[in-house]
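Take a look at the structure below.
The values are calculated or read from the model by the stated rules, or taken from the named source; none is laboratory data. From a predicted model like this one, the values you see are computed outputs, not experimental measurements. Don't worry about glycine lacking a Cβ; one is built from the backbone with ideal geometry, like all the others, and counts go over all protein chains shown. Heavy atoms of the whole protein, side chains included, go into the accessibility calculation; ligands, DNA and RNA do not. Shrake-Rupley method; radii C 1.70, N 1.55, O 1.52, S 1.80 Å.
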Amino acid sequence: QVQLVESGGGLVQPGGSLRLSCAASGIILRIYTMGWYRQAPGKQRELVARITSSGSTNYADSVKGRFAISRDDAKNTVDLQMNSLKPDDTASYYCKAEGTISDYWGKGTLVTVSS
């Protein structure tokens, strides 16, 4: 059974940092493109960052220069380092494994940026 479990969310002040982690089981992570998505209340889910199996990355314009996605295929994990956080970054963050046949989602972790 495939499971993606996000962790690392929480409450942080504007300008602060958080590191999210996604731990995968039941799949061999290295063959998947991995993505972090987020969904704020009342808004559609949107792509935050993506990393391919070869390590190529792309980011939403709103997080470029502040967020960094990385993967450790040996540990079957994907991380999202978030710096200079803003109130607009408040959302539930979801990990996604994008395969050629199937996609898998985690259940999300909540990030709240507030003073």
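Output the Kirkwood hydrodynamic radius of the chain, Cα pairs only, in Å rounded to one decimal.
14.0 Å
In segment 75-115, carbon and sulfur make up what percent of the accessible area (probe 1.4 Å)?
Of the solvent-accessible surface of segment 75-115, carbon and sulfur hold 46 percent.
Compute a Gaussian network model of the chain, connecting alpha carbons closer than 10 Å, and tell me which residue from Ala74, Ala40, Ala23 fluctuates the most.
Most flexible of the set in this elastic network: Ala74.
Can you tell me which of Ser70, Ser62, Ser17 moves the most in a GNM of the chain? Springs connect C-alpha atoms under 10 Å apart.
Looking only at Ser70, Ser62, Ser17, the biggest GNM fluctuation is shown by Ser62.
Once the piece of chain linking Glu46 and Ser7 is laid out straight, how much longer is it, given 0.36 nm per residue of separation minus the C-alpha distance between them?
12.2 nm
Using Cα centres only, tell me the gap between segment 11-25 and segment 32-110 in whole Å.
11 Å
Residues of the chain: accessible area per residue at 1.4 Å, in Å²?
Per residue, the chain has 54 Å² of solvent-accessible surface.
Top mean-square fluctuation among Tyr93, Tyr104, Tyr37, Gaussian network model of the chain, C-alpha springs under 10 Å?
Highest fluctuation of the listed residues: Tyr104.
Could you please report the charge total around Val12, scoring K, R as +1 and D, E as -1 over all other residues with beta-carbon less than 12 angstrom from its beta-carbon?
For residues surrounding Val12, the net value is +1.
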